1. Tell me the accessible surface of Val280 in square angstrom (1.4 angstrom probe, heavy atoms of protein chains only), to the nearest ten.
2. With a 1.4 Å probe and all protein chains kept in place, how do His205, His81, His248 rank by accessible area, largest first?
3. What percentages, rounded to whole numbers, describe P(r) for region 138-203 computed over all alpha carbon pairs with 10 Å bin width beginning at zero?
4. How are the Cα pair distances of region 158-240 distributed, in percent, across 10 Å bins from 0?
5. Mind checking which lysines have their C-alpha under 21 Å from Lys20, skipping anything on the same chain fewer than 8 residues away?
6. For the chain, what % of the accessible area comes from carbon and sulfur atoms, probe 1.4 Å?
7. Starting from region 240-282, pick out the trypsin sites (Lys or Arg not before Pro) whose DSSP state is loop and whose Cβ has at most 15 other Cβ atoms within 10 Å.
8. Tell me what the chain gives for mean residue ellipticity at 222 nm when only DSSP H runs of n ≥ 4 count, each as -39,500 (n - 2.57), the sum divided by the residue total, rounded to 500 deg cm²/dmol.
Amino acid sequence: MKFAHIPVLYREIMEIMAPKDGKSTFAKAIARRLGGGGHSRGFLERLGPAGRLIGIDQDEEALAAAKKNLACFGDQVTYVHSNYENLAEILHEYAPEGVDGILFDIGVSSHQLDDPARGFSYMQDAPLDMRMDQTRDFSAWDVVNTYSESELARIIREYGEENWAKRIAQFIVERRKIKPLETTGELVEAIKAAIPKKARQEGSHPAKRTFQAIRIEVNGELDVLEKTIEQAKDGLRLGGRLGIISFHSLEDRIVKEKFKYLAASCICPPEMPICCCNKVSEVKILTKKPVTAQEDELAANSRAKSAKFRAVEKIV
């Protein structure tokens with residue numbers, strides 16, 4: 001299946017990240033979807049012949065596609081198969097002097113959603129998978145068929161923000177007593193059965209939130225985000241910029257609060273008469289509000305609707 005991915009918020013990200021000829025190194029994404037090469041190509045074109053890009057993705061198919069799509073840039077690109085939680089080690093090895101920009105693109109790619117074999121979509125029947133890194137053994141099958149009812153309810157409630165989490169977990173556990181759930185279609189049936197008809201008719205697809213929750217659990221998407229932002233800040237040169245594209249409120253909330261903390265010059269309680277925390281403002285926030293897609297982009301790419309972009313610049 002051809003790897004297709006439309007880069008979201010492309011114009012805005014190029015403007016805010018400001019890759020310029022003469023700046024030597026950008027790190028694309030240390031993320032989950034290098035493959036389409038859209039933002040990466042934009043960085044490389046603006047950096048010029050002296051520019052360098054470190055592209056990291058835990059999806060081997062995405063890396064293979066990136067190597068093909070960015071082949072014209074030759075050895076300007078270093079490809080690394082890894083998760084962004086290993087950012088500090090990766091930058092230490094490939095850019096010990098620091099980088100001028102880092103972009104985290106932490107959503108699921110169009111290719112991953114559209115490829116039935118990957119099991120990310122609730123719209124297509126496929127094996128329960130949802131692994132972004134297919135070299136790992138742990139998959140959606142393990143979550144659905146081995147987690148306790150209370151564990152399932154917790155992740156569906158916390159990661160999916162699903163009001164019917166407890167009931168969905170109950171129905172999944174009851175069905176797997178008969179036989180394990182093997183496909184996304186069987187999981188969708190269990191979810192639909194758990195949610196009352198009136199509630200199913202309101203809002204988005206009834207399985208959307210549960211699928212999001214299971215995908216987050218399988219790939220550990222929230223566990224390392226805050227820590228990795230710290231690693232990214234440390235890996236930037238002075239004046240370097242960190243941008244993060246997120247696709248749901250849980251990720252965006254983590255990014256917002258971490259950026260706010262890094263930008264703060266004092267974290268003392270309000271009742272303290274004088275500052276005694278010795279906190280230093282380490283970054284300048286470049287996006288007071290998250291950047292979202294404009295009308296023309298939404299018309300061309302409906303999946304950009306949930307994208308939010310925030311960025312900071314390192315000042316010390």
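1. 80
2. His81, His205, His248
3. Histogram of Cα-Cα distances, whole percents per bin: 22, 58, 19, 1.
4. With a bin width of 10 Å, the distribution comes to 16, 38, 22, 13, 10, 3.
5. Lys28, Lys233, Lys284, Lys314
6. Exposed carbon and sulfur together represent 51 percent of the surface.
7. Lys279
8. Helix contribution divided over all residues of the chain: -12000 deg cm²/dmol.
The values are calculated or read from the model by the stated rules, or taken from the named source; none is laboratory data. If you're wondering where the values come from, they're calculated on a predicted model, not measured in any experiment. Positions of Cβ are backbone-derived with ideal geometry, glycine not excepted, and every protein chain shown enters the neighbour counts. The area values use the complete protein model at the heavy-atom level, side chains included, leaving out ligands, DNA and RNA. Shrake-Rupley method; radii C 1.70, N 1.55, O 1.52, S 1.80 Å.
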